[in-house]
Every structure is written in structure tokens, then in C-alpha cells.
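The values are calculated or read from the model by the stated rules, or taken from the named source; none is laboratory data. No experiment lies behind these values; they were computed from the predicted model shown. All Cβ positions, even for glycine, are placed from backbone atoms using ideal geometry, and neighbour counts span all protein chains on display.
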Amino acid sequence: MTKPEPTEDYLAGYAELLTEVSATGRRLNRAELDSRRALGERAGESGHGLRTLVVRHLAATRALWAELPAPAGPAGARGLRATAESVLAVTEQAIDAFAEGYERAQRLAVRQEEAARREFIDDLLYGRSDLGRLAGRAERFGLRLAHAHAVAVATGAEPYDDAHPATRRVESALNGRFSDRRILLTTKGGRLICVAPGDEDDVLRYFTKQAHAATDGGQVAIGRPHEGAGGVVHSYEEALGALDLAVKMDIDAPVLRAADLLVFPVLTRDRQALTDLVRSTLAPLRQARGGPEPLLATLDAYFDTGCVAAEAARRLSLSVRAFTYRLKRIHELTGADPADPMHRYTLQTAVIGARLLDWPKREL
């Protein structure tokens with residue numbers, strides 16, 4: 001005897017039901033519908049395609065149809081029509097219940113997959129799992145953590161999650177262009193995140209372009225490539241640090257690369273020394289009329305324009321004369337001359353430190 005195909009297991013009892021209703025004209029009861037739903041759920045869990053299983057049900061219905069008695073006169077024709085209506089009604093009930101169970105299993109599988117993916121992403125970005133186990137799980141989501149990876153983080157005017165239209169738009173663009181690459185696109189803390197192989201900078205550049213557009217001009221930070229599972233965490237933290245730095249330093253560039261901002265972590269590594277530099281160099285600016293902020297803005301503009309007074313004055317909507325007066329006042333109060341190369345370096349480092357330490361809003 002030939003062993004039945006696996007899909008036939010999910011039609012258990014179906015032919016018998018059709019045979020009975022063709023004789024009695026009744027509909028399926030609750031227990032029978034629950035049985036069909038349970039079979040559909042099992043089929044969904046096993047990975048069989050719903051289309052194939054529906055075709056199997058219809059084929060079984062057609063096979064029974066061929067065995068219905070031929071009509072004998074007008075009464076026989078009416079009887080056959082009633083029988084046909086009963087069989088079709090029960091076929092509809094059975095397939096609908098089967099599909100309901102199948103879809104329920106599919107929804108559960110999707111929720112479980114989403115939960116597993118979210119757990120993996122949390123562990124990946126925060127380094128909370130055993131690295132060996134994490135590397136094994138990463139293969140399931142398209143990453144090979146033995147290689148170097150870089151992380152890009154995009155932020156915008158609103159928080160983003162996996163179902164947000166902006167996320168779907170970026171995901172579609174990346175899949176359309178890099179379907180053969182090992183890329184992970186996700187969200188965390190309301191931000192879009194892309195993890196890509198460290199030697200494929202074209203992926204992160206494309207993500208940056210798409211995320212900037214999808215977030216209506218949001219800012220994107222890119223961490224440096226690092227090896228291993230811990231490297232993903234490191235690159236992610238660098239990208240987050242770059243975004244935080246952009247807020248503190250009022251950097252409005254659309255793309256921030258951690259590799260270009262390494263001077264700032266160097267400055268903050270010895271926080272006490274930086275605090276002493278800001279206090280000793282800039283504290284005298286508190287004596288100025290209007291407080292230190294206007295003079296700090298003067299130094300910011302001066303250094304940002306390459307120490308070109310005319311351009312810096314234009315940015316601040318000042319006359320060149322008024323601007324040079326401010327520089328002179330800074331010299332008088334601090335003893336440091338912005339025009340002197342050595343003094344200029346001290347002043348510029350102190351100004352950067354003031355922004356990093358949120359001085360003078362926050363007392364040192």
C-alpha cells in the first residue's frame with residue numbers, strides 16, 4: 001500500500017463528512033468545525049502551503065461529486081440540486097474553518113519570529129548575551145559576526161518603529177538594491193538602524209541617502225567598523241555618541257562619521273582636565289555685559305570660518321567693527337588673544353569643551 005502524501009493527513013475525515021451531508025443535508029456542527037480548524041493549525045505549523053491544501057480539499061469534493069446518483073425525472077433533479085447545495089455549503093464551511101486555523105498558526109509564527117528577532121537585536125546592540133551563542137543566532141538573521149561590521153543610526157523629527165512607513169520605505173529600497181548582501185535593518189529607541197559588513201561602505205552610504213529622505217531631512221551617524229559580535233555594539237555606541245555630540249555642539253550636518261569626530265572623545269576622556277581648562281580660560285567671560293554667551297558665539301563663529309573676521313561678522317549679523325571689538329574684549333577678559341596661534345588653540349579647545357560640558361548653562 002502506497003504511503004499517503006503528508007498533505008493528505010490534513011484532510012482526515014473530510015470525505016466522510018461530505019458523504020454524510022450529501023445524504024442528510026445538514027451543516028457542520030461546532031465540534032466538526034473545531035476539528036477542521038485544528039487540522040488547519042497543524043498544517044500552518046508544519047509549513048505546508050495553504051494553496052496546495054485548498055486544492056486538495058476541492059479535489060476531494062470533485063471526487064465525491066462524481067459519485068452522486070444521476071437524476072431520475074424532475075423530482076430526482078431537484079433532489080440532486082439540494083444535495084449539491086448541501087455539499088457545496090459544507091465544503092465552504094470546512095475550507096473556511098481550515099483556513100482560519102491555518103492563518104491563526106501563521107500569525108502566531110509571525111509573532112514568535114518577531115519576538116525572537118527583537119530579542120536578538122536587543123542582545124546584539126547591548127551585548128547582553130554570550131558572544132558565541134549570539135554569533136550562532138546571528139546567522140539566522142543574515143549576519144556573520146566573525147567579520148567586521150559597521151552600524152548606521154538615523155534619527156528624525158518623530159520616533160520610528162518596524163511598522164512605520166519610513167522604515168518600510170528604507171527597507172524596500174535596501175532590499176531592492178542589495179538583496180544579496182548580509183544586511184540587518186531594524187529600529188531601536190525610535191531610530192532607524194542599519195548593520196552592514198564593515199567593508200561595504202556603499203550599503204551604508206545608500207542607507208544614509210534613503211534614511212535622510214524618508215525621515216524628511218533627519219540626521220544619520222555612522223560608527224566605525226569593528227570585528228566580532230562586540231564590534232557591533234561598539235560601532236552602534238559610536239553612532240549614538242555622534243548623534244549626542246551633534247546636539248551638544250549644534251552640528252547640523254546630515255551625515256556624521258564617528259571616524260571624523262574622534263577628537264571629541266579624546267577631549268572628554270579626562271573630564272576633570274577639560275573642566276579645569278574651561279573654568280580657567282572662559283570663566284572671566286562672565287564679567288562681560290550680557291554674560292558669556294555672546295562672546296562664546298563670537299568665538300564659535302570665528303573658529304568655524306577659519307578665523308576670517310568679515311565672514312564671522314556676517315554670520316552673526318554684526319559689523320566687522322563690532323565683531324573685532326568683541327574679539328578685543330575677549331582678549332581683555334581672558335588674557336588670551338584669538339589672533340595669536342597658541343592662544344587660539346587654547347581658546348578653541350576651551351570653547352569645544354564648554355559645549356561638551358554644557359557650560360555656562362551648567363555650573364562647573
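What number of residues within segment 207-221 are surrounded by 19 or more Cβ atoms within 10 Å (Cβ to Cβ) and either within 15 Å of VAL170 (Cβ to Cβ) or free of Cβ contacts under 8 Å to residues at least 24 places away in the same chain (or both)?
Qualifying residue count, segment 207-221: 9.
Does segment 261-269 contain any residue that is within 30 Å of GLY198 (Cβ to Cβ) and not in a helix (DSSP H, G or I)?
Yes, because at least one residue in segment 261-269 is within 30 Å of GLY198 (Cβ to Cβ) and not in a helix (DSSP H, G or I).
Which of the residues spanning segment 179-206 are touching a residue at least 24 places away in the same chain (Cβ under 8 Å) and basic (Lys, Arg)?
Scanning segment 179-206 gives ARG182, LYS188, ARG191.
In segment 291-318, how many residues are polar (S, T, N, Q) and outside any loop (DSSP other than H, G, I, E, B)?
1
Across segment 329-356, which residue is surrounded by the most Cβ atoms within 10 Å (Cβ to Cβ) among those that are in a loop (DSSP other than H, G, I, E, B) and either not small (Gly, Ala, Ser) or not assigned by TED's automatic domain parsing to the domain that holds GLY306 (or both)?
Here the answer is PRO338.
Given (1) out of contact with any Asp or Glu (no Cβ under 9 Å at 6 or more places or on another chain); (2) farther than 15 Å from LEU243 by Cβ; (3) crowded, with 17+ Cβ neighbours inside 10 Å, identify the lone condition not met by PRO225.
(1)
Kindly provide the set of residues from segment 63-95 that are surrounded by 15 or more Cβ atoms within 10 Å (Cβ to Cβ) and at pLDDT 85 or above, ordered by number.
Those that are surrounded by 15 or more Cβ atoms within 10 Å (Cβ to Cβ) and at pLDDT 85 or above: ALA89, VAL90, THR91, GLN93, ALA94, ILE95.
Check off (1) of a type in the set (S, T, N, Q); (2) farther than 30 Å from ALA150 by Cβ; (3) touching a residue at least 12 places away in the same chain (Cβ under 8 Å) for SER317 and give me the number that stays unchecked.
(3)
Tell me whether segment 27-43 contains one or more residues that are assigned by TED's automatic domain parsing to the domain that holds GLU103, at pLDDT below 80 and either loosely packed, with under 12 Cβ neighbours inside 10 Å or touching a His at 6+ places or on another chain (Cβ under 9 Å) (or both).
No.
Any residue that is out of contact with any strand residue (DSSP E or B) (no Cβ under 9 Å at 6 or more places or on another chain) and buried (at least 18 other Cβ atoms within 10 Å of the Cβ) - is there at least one of those in segment 173-184?
Among the residues of segment 173-184, at least one is out of contact with any strand residue (DSSP E or B) (no Cβ under 9 Å at 6 or more places or on another chain) and buried (at least 18 other Cβ atoms within 10 Å of the Cβ), which makes the answer yes.
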